[in-house]
1. Please list, ordered by residue number, the strands (runs of 3 or more DSSP E) wholly in the range B:1-78 having 1 or more residues that are at the interface with chain A (Cβ under 10 Å from one of its Cβ atoms) and within 23 Å of A:VAL4 (Cβ to Cβ).
2. Do the conditions hold for A:THR93, that is, is it surrounded by 19 or more Cβ atoms within 10 Å (Cβ to Cβ), modelled with pLDDT under 90, within 24 Å of B:GLN6 (Cβ to Cβ) and within 14 Å of another protein chain (Cβ to nearest Cβ)?
3. Looking for something in a strand (DSSP E or B), touching a residue at least 24 places away in the same chain (Cβ under 8 Å) and closer than 12 Å to B:THR5 by Cα - is there at least one such residue anywhere in the range B:94-105?
4. State yes or no: is A:LYS68 modelled with pLDDT of 95 or more and either surrounded by fewer than 21 Cβ atoms within 10 Å (Cβ to Cβ) or touching a helix residue (DSSP H, G or I) at 6+ places or on another chain (Cβ under 7 Å) (or both)?
Amino acid sequence: KQEVTQIPAALSVPEGENLVLNCSFTDSAIYNLQWFRQDPGKGLTSLLLIQSSQREQTSGRLNASLDKSSGRSTLYIAASQPGDSATYLCAATVNRGSGNTGKLIFGQGTTLQVKP
Amino acid sequence: KAGVTQTPRYLIKTRGQQVTLSCSPISGHRSVSWYQQTPGQGLQFLFEYFSETQRNKGNFPGRFSGRQFSNSRSEMNVSTLELGDSALYLCASSLGGGRTDTQYFGPGTRLTVL
């Protein structure tokens, strides 16, 4: 059974700092891994999708990496800003027994606060 | 292009009642998935629909059901509500619902059961 874990649960950094959020998964047979952002009381915004054949994806100040062999993904945020404050969730799509479906298994999220 | 819309945004019900939530996917998307989000359990998969057929189902009791219409809009129904059903219910749409597709989430419906 695939389990996704995110550590730490919360993180507070000063504005301008570069930071890394961690995501680990127990079953390396993932099909892809997505990073989402969730603002309080809101839905999820997709940030980056990494296919299992890829090592990383970049969008602006965000860079996500995937290492299937170690069961880890990281989200790197460069030059953090107060507007980056939100909860960041990673989610894996499993490659076993679920057919071609998009079922996502989520981590519990890391709540990031960027202080001005 | 309009995003995923969910109605209603907020709902208050009492134990034993039933509730129906609605989700309209992005135009052209044929897959809709539903998730329940609670502080204790986080985000959990409920079910996925593609072309009016349930393609995958999570580990929830039979009180939770759903359906998809020919225009890809989806509804989920929860019967005999329990206090523990209080949660944010999110739906997500994607083009084909396959494992390569990015999923786009709606704003959610906040259900409170009293």
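The values are calculated or read from the model by the stated rules, or taken from the named source; none is laboratory data. These figures come from a predicted structure and were not determined experimentally. FYI the Cβ positions are ideal-geometry reconstructions off the backbone, even for glycines, and counts take in every protein chain you see.
1. Values: elements: B:5-7, B:10-13, B:19-24, B:31-38, B:42-50, B:53-57, B:64-68, B:74-78.
So the answer is B:31-38, B:42-50, B:53-57.
2. Values: surrounded by 19 or more Cβ atoms within 10 Å (Cβ to Cβ): yes; modelled with pLDDT under 90: yes; within 24 Å of B:GLN6 (Cβ to Cβ): yes; within 14 Å of another protein chain (Cβ to nearest Cβ): yes.
Criteria met by A:THR93.
3. yes
4. Numbers: modelled with pLDDT of 95 or more: no; either surrounded by fewer than 21 Cβ atoms within 10 Å (Cβ to Cβ) or touching a helix residue (DSSP H, G or I) at 6+ places or on another chain (Cβ under 7 Å) (or both): yes.
The answer is no for A:LYS68.
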